[in-house]
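Here is the structure we will look at, set down as structure tokens.
The values are calculated or read from the model by the stated rules, or taken from the named source; none is laboratory data. The structure displayed is predicted, hence computed values, not measured ones. Cβ atoms come from the backbone with ideal geometry, glycine included; neighbour counts cover every protein chain shown. The area values use the complete protein model at the heavy-atom level, side chains included, leaving out ligands, DNA and RNA. Shrake-Rupley method; radii C 1.70, N 1.55, O 1.52, S 1.80 Å.
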Amino acid sequence: MGMKKSEKGSKKVMENKNEKKDVGSAASNATIGNDSVFASCSFSSLGLYPSLCDELCEKLGFEVPTLVQAQAIPVILAGRHALINAATGTGKTVAYLAPLIHHLQNYDTRIQRSDGTFALVLVPTRELCLQVYEILQKLLHRFHWIVPGYVMGGENRSKEKARLRKGISILIATPGRLLDHLKNTSSFLYTKLRWIIFDEADRILELGFGQDIQEILDLLGSRKAANDYKESTVPRNSEFQRQNLLFSATLNEKVNHLAKISLHNPVMIGLEGKTRKPVSTIESIDSSESDEDDEVKYSSKMPTAVDYKIPRQLIQRYVKVPCGSRLAVLLSILKHLFERDTSQKVVVFFSTCDAVDFHHSLLSEFHFSTDPQTKERVIQMFLGCQTFRLHGNMEHEDRRSTFQAFKTEKSALLLSTDVSARGLDFPKVRCIIQYDSPGEATEYVHRVGRTARLGERGESLLFLQPVEIDYLQDLEKHGVSLAEYPLLKVLDNFTLHGQNKHVKKSVFIDLHPWVLCLQKALESFIISKPKMDELARKGFCSWVRAYTAHRGELKRIFMIKKLHLGHVAKSFALKQQPSLVGQSFQKQNKKRKRFEKKIGLSKKRKVARVT
Ligand SMILES: Nc1ncnc2c1ncn2[C@@H]1O[C@H](COP(=O)(O)OP(=O)(O)OP(=O)(O)O)[C@@H](O)[C@H]1O
């Protein structure tokens with residue numbers, strides 16, 4: 001197997017400093033276009049093969065590259081390791097897929113399935129795995145000899161083994177399942193592996209896959225030991241020199257470590273101006289430093305207090321709601337959004353799977369009438385839109401079908417855990433509601449990143465209880481500032497039967513007649529349906545558990561001791577005294593702990609269960 005002459009030539013050039021300069025100048029060609037998302041150059045000017053540029057245009061409708069694509073593609077084509085940081089929804093996926101395809105279609109002897117895997121893309125979730133695979137499939141339409149494939153948790157292992165045996169040129173994988181195949185599928189051939197890409201690198205590490213990643217890098221012979229790669233079972237072939245790439249909209253200390261152990265003299269893209277330290281310590285495109293300087297280089301470039309990149313056009317707001325009125329307010333805001341615009345998509349984030357299940361069932365079944373007299377006749381669904389749910393405890397097939405369905409719907413509501421927070425590209429999502437706060441500021445950034453993608457408009461709303469308001473300061477440390485949502489104005493627009501629309505209702509949210517009426521109706525509804533009551537109790541218990549799991553600095557803001565558990569119960573439309581619900585929670589919690597101890601549940605699986 002050989003590379004095309006032109007490619008061999010360019011590889012040689014790459015080794016001298018001139019090539020490094022080319023990389024820098026190609027990247028700087030990416031001048032800001034009209035709306036600051038697109039670059040003012042063409043895909044072909046970045047060095048991509050003409051028929052691949054045609055494919056980008058015909059199959060995906062991409063006429064010009066985005067800024068991050070214009071910066072990253074020349075660097076990746078030149079064979080450099082890279083750490084790439086760009087805002088959510090700016091086109092990072094194609095920034096790495098296009099150069100891979102360019103190289104693979106360019107070998108003078110066509111690659112074959114029997115050559116095994118050339119490129120590996122690691123992603124944190126199953127949905128992202130499928131999403132990247134779908135884009136890859138489209139891009140490979142006319143390069144049919146390059147075979148795309150995926151392996152991920154929840155899929156049938158034997159079928160995956162069979163596909164790996166036949167050969168997959170570009171493999172998308174979640175870490176756990178990949179490690180499984182690396183250890184147990186002898187027919188999985190990766191001796192020609194040339195690229196390893198970490199998409200959402202920080203999330204992969206946060207999910208507790210750090211150990212798996214180190215093992216994967218060791219097994220693939222792609223982990224650095226001192227100044228060189230570690231010895232491994234994989235023969236290192238100079239013809240297939242490794243290129244590792246890390247991508248994310250948010251970088252942290254863990255990515256810093258991963259970069260240190262997996263990248264050789266990398267180019268840093270998008271790290272300029274990302275620190276509160278003097279800017280002089282940062283170089284955006286760096287090619288002159290040697291590996292010996294890695295320690296210093298990363299610690300100066302990977303800042304501790306970072307301004308995250310948020311799409312400029314995103315309207316970010318927060319709403320301060322007393323605990324006991326949270327549910328009524330959430331429903332009112334959703335009603336307001338869907339009445340304002342009947343054709344739109346909204347995503348609401350919750351902290352646990354049980355909370356998603358409860359709110360999903362509630363919104364799918366809750367009927368409401370503002371007029372007690374005509375209750376029987378004009379009773380209506382509270383929300384008239386289609387409602388989906390997505391979380392990690394759902395059956396694999398349900399997860400898959402929900403993901404596809406929400407993608408194609410024109411108007412719908414998705415209730416989800418953080419399983420949807422990363423990388424997922426649902427078209428035309430107009431609003432993101434963070435009903436349960438996200439914890440780390442990085443997660444805030446990724447959740448809101450599901451809207452306002454690629455220059456489109458979007459809005460986000462963060463729910464905070466009065467005792468949690470300091471969280472705004474935590475976000476501000478990262479350059480994220482939010483305006484207040486005009487809640488009372490929205491609530492005043494809802495009228496109850498026989499009420500004068502123009503009468504000033506209340507300055508207190510929890511005493512607002514609409515909120516009181518809705519809360520009463522919700523509580524009656526829950527009490528009348530044993531199944532709903534059970535879901536509410538489960539939702540309450542897991543919500544409290546999740547609330548106590550906030551880490552580090554955030555523990556000071558999100559303190560369960562500051563909450564009135566009776567009000568928390570109210571937010572699940574439960575009338576029960578907190579002690580009653582609390583007792584069953586404690587019993588359930590003890591039972592769970594005993595069970596986890598018995599089966600030796602690992603930390604990683606515990607994290608996975610929450611989302
Ligand atoms: N050059 C382009 N022209 C037009 N649309 C594009 C272009 N590149 C990407 N897109 C579209 O932009 C959207 C966002 O792309 P993508 O999902 O790759 O972003 P991302 O930066 O990886 O986001 P996230 O950080 O959330 O994972 C997708 O709908 C994609 O189809």
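For the stretch 382-408, the set of residues classified as open to solvent by 70 Å² or more (accessible area, probe 1.4 Å) and in contact (Cβ under 8 Å) with a residue 12 or more places away in the chain consists of GLY384, GLN386, ASN393, listed by residue number.
Among the residues of the stretch 332-363, those identified as outside any helix (DSSP H, G or I) and modelled with pLDDT under 95 are ASP341, THR342, SER343, GLN344. Scanning the stretch 153-171 turns up one or more residues that are hydroxyl-bearing (Ser, Thr, Tyr) and touching a Ser or Thr at 6+ places or on another chain (Cβ under 8 Å).
Just checking, does the stretch 87-102 include any residue being open to solvent by 10 Å² or more (accessible area, probe 1.4 Å) and more than 10 Å from the ligand (Cβ to nearest atom)? Within the stretch 87-102, one or more residues are open to solvent by 10 Å² or more (accessible area, probe 1.4 Å) and more than 10 Å from the ligand (Cβ to nearest atom). Looking across the stretch 404-427 at every residue that is within 22 Å of GLU206 (Cβ to Cβ) and charged (D, E, K, R), the one that is nearest to the ligand (Cβ to nearest atom) is identified as ASP425.
Per-residue answers, yes or no, for (1) over 24 Å from HIS102 (Cβ atoms); (2) surrounded by fewer than 21 Cβ atoms within 10 Å (Cβ to Cβ):
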site	(1), (2)
TYR133	no, yes
LEU136	no, no
ARG142	no, yes
LYS161	yes, yes
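Once the stretch 108-126 is narrowed to residues that are among the β-branched types (Val, Ile, Thr) and in contact with an Asp or Glu (Cβ under 9 Å, 6 or more places away or on another chain), the residue that is farthest from ARG422 (Cα to Cα) is VAL121. Just to be sure, is ALA70 within 14 Å of the ligand (Cβ to nearest atom) and aliphatic (A, V, I, L, M)? Yes: the conditions hold for ALA70. Elements of the type helices (runs of 4 or more DSSP H) sitting completely within the stretch 411-524 and holding at least 2 residues that are touching a strand residue (DSSP E or B) at 6+ places or on another chain (Cβ under 7 Å) and in contact (Cβ under 8 Å) with a residue 12 or more places away in the chain: these cover 441-448, 471-476. Taken together, ARG450, ARG430, ARG457 contain a single residue that is within 9 Å of the ligand (Cβ to nearest atom), in the same structural domain as THR408 (by the TED database) and within 20 Å of ILE333 (Cβ to Cβ), which is ARG450.
Suppose we filter the stretch 352-372 for residues that are of a type in the set (Gly, Ala, Ser) and open to solvent by 30 Å² or more (accessible area, probe 1.4 Å); how many remain?
Residues in the stretch 352-372 being of a type in the set (Gly, Ala, Ser) and open to solvent by 30 Å² or more (accessible area, probe 1.4 Å): 1 in total.
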